[in-house]
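The values are calculated or read from the model by the stated rules, or taken from the named source; none is laboratory data. Predicted, not measured: the structure shown is a model, and the values here were computed from it. Heads up, the Cβs are rebuilt from the backbone with ideal geometry, glycines too, and the neighbour counts pull from every protein chain shown. Areas reflect the complete protein model, heavy atoms only, side chains present, ligands, DNA and RNA absent. Shrake-Rupley method; radii C 1.70, N 1.55, O 1.52, S 1.80 Å.
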Amino acid sequence: MNQLHQLFLILKNITGAYVKVLVLGATGFIGQRLVSCLRASGWANPVLAGRRAPAVNADGLEFRQVDTLDASSLRRAMGDIDAVVNCVTGQGGAIARGAQLLTEVALQTSCPRIVHMSSMAVYGRQEGCLNEDSALDPGASWYAQAKCEAEEHMKAYAQAGHPVVMLRPGCVYGAGSDMWVAQMARLLVAGRIGDLGALGEGWSNLVHVDDVCAAVLLSLQFTAEVDGPAERGAAIFNLVGADSPRWNRYFVDLAQALGVSPANRVPPIRLKLDARLGTLFIRMAQRVANAAGWSGLRLPVAVSPSFLRLWHQDLRIDGQRARALLKFAPRPYSQGLAESAQWAFDEGIGTARVVR
């Protein structure tokens, strides 16, 4: 079935027929950009899937209402699908159980190719340079646990003879990135982060959102028997920029691009107090705001303890396999930084327009 399905997709490409790709999580950060990239590919017909239709669908693309935790909902959406891209986010249950149901329904319907968006979070709190064959660390957090469980379901689908590609991106930045661009930019403008000294010497493992989407398109066409290992199983690829810097450099560079230079050297004690007391205060304020219905209230960004652990973690994910087998070619860090900073400025964060 694996080879037959791959030949079917190749034949569709040769004949000019469109490959119908169901995008789960199509309204999310990566999903929205992916839909645009699929639409522009010339060979894919993206079908948007989610609980609610997107507020704006300028291209008039087909939308299918899907609850990924409901098997009948998935079954209705997947009957005529050639491939599925799973970009679903959310709580642990939505990630792990959703992946299980997706693979079960896939076996009952068209047995489509699945491109599953995993995460570098599966490596947990380990350090050093890790590749796709390195051990996983599901005990690091609920998120790591959910992502590891989801991968197990994908591996089972692949072991049954069906094509699966799992992508493990690092920290996804670029236009639209709330966490790694907008939130970091606001913290820099407020002087709450900058050069963090030893606390910011971990590797950022940044990868641009458009590069992630390019990797998905490559994965939809990837033929393991021709381009990769011959053994049956899911193809797994780390995604990271080739010259992704340490966090300190990213913060200093982003601050300079936004006109917040020189970035402050933040004393460790102040940063740790911010992460403990500041985050507690912000979360309490958020609960009060939610209870009062103040949906438009903008609170400061919380510097969570998980941020501190990540910024200090000396983990560098190895992206050589994706570059060699998937032909993944991420953009230079300098380009991704300029694009990210320009978007942040356009969103009203910072004081100086980026010069490219």
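Assorted remarks:
- Residue ID - modelled with the lowest pLDDT, chosen from residues in the stretch 282-309 that are surrounded by 19 or more Cβ atoms within 10 Å (Cβ to Cβ) and not small (Gly, Ala, Ser): Val301
- Considering the stretch 253-273, and only residues there that are polar (S, T, N, Q) and without any contact (Cβ under 8 Å) to a residue 24 or more places away in the chain, the residue that is most open to solvent (accessible area, probe 1.4 Å) turns out to be Gln256.
- Scanning the stretch 14-64 for residues that are open to solvent by 50 Å² or more (accessible area, probe 1.4 Å), modelled with pLDDT of 90 or more, more than 17 Å from Leu217 (Cα to Cα) and in a loop (DSSP other than H, G, I, E, B) yields a total of 2.
- Hits in the stretch 68-102 (condition: more than 20 Å from the chain's Cα centre (by Cα) and not hydrophobic (A, V, I, L, M, F, W, C)): Asp70, Ser72, Ser73, Arg75, Arg76, Gly79, Asp80, Asp82
- Screening the candidates Ala289, Ala324 for the property of being in a helix (DSSP H, G or I), without any contact (Cβ under 8 Å) to a residue 12 or more places away in the chain and under 20 Å from Cys129 (Cβ atoms) yields one hit, Ala324.
- Meets criteria (modelled with pLDDT under 95 and crowded, with 17+ Cβ neighbours inside 10 Å) for His153: no
- Checked across the stretch 66-83, the condition of being open to solvent by 30 Å² or more (accessible area, probe 1.4 Å), among the aliphatic types (A, V, I, L, M), over 25 Å from Val122 (Cα atoms) and assigned to a loop (DSSP other than H, G, I, E, B) holds for no residue.
- Of all residues in the stretch 182-204, those that are without any contact (Cβ under 8 Å) to a residue 60 or more places away in the chain have Cβ atoms under 9 Å from Cβ atoms of residues that are part of a helix (DSSP H, G or I) and open to solvent by 50 Å² or more (accessible area, probe 1.4 Å), 6 or more apart or on another chain, in Ser204/Arg249.
- In the stretch 28-54, the residues that are within 17 Å of Ile81 (Cα to Cα) form Cβ pairs under 6 Å with partners that are polar (S, T, N, Q) and assigned to a loop (DSSP other than H, G, I, E, B), at six or more places apart or across chains, as follows: Gly50/Thr27.
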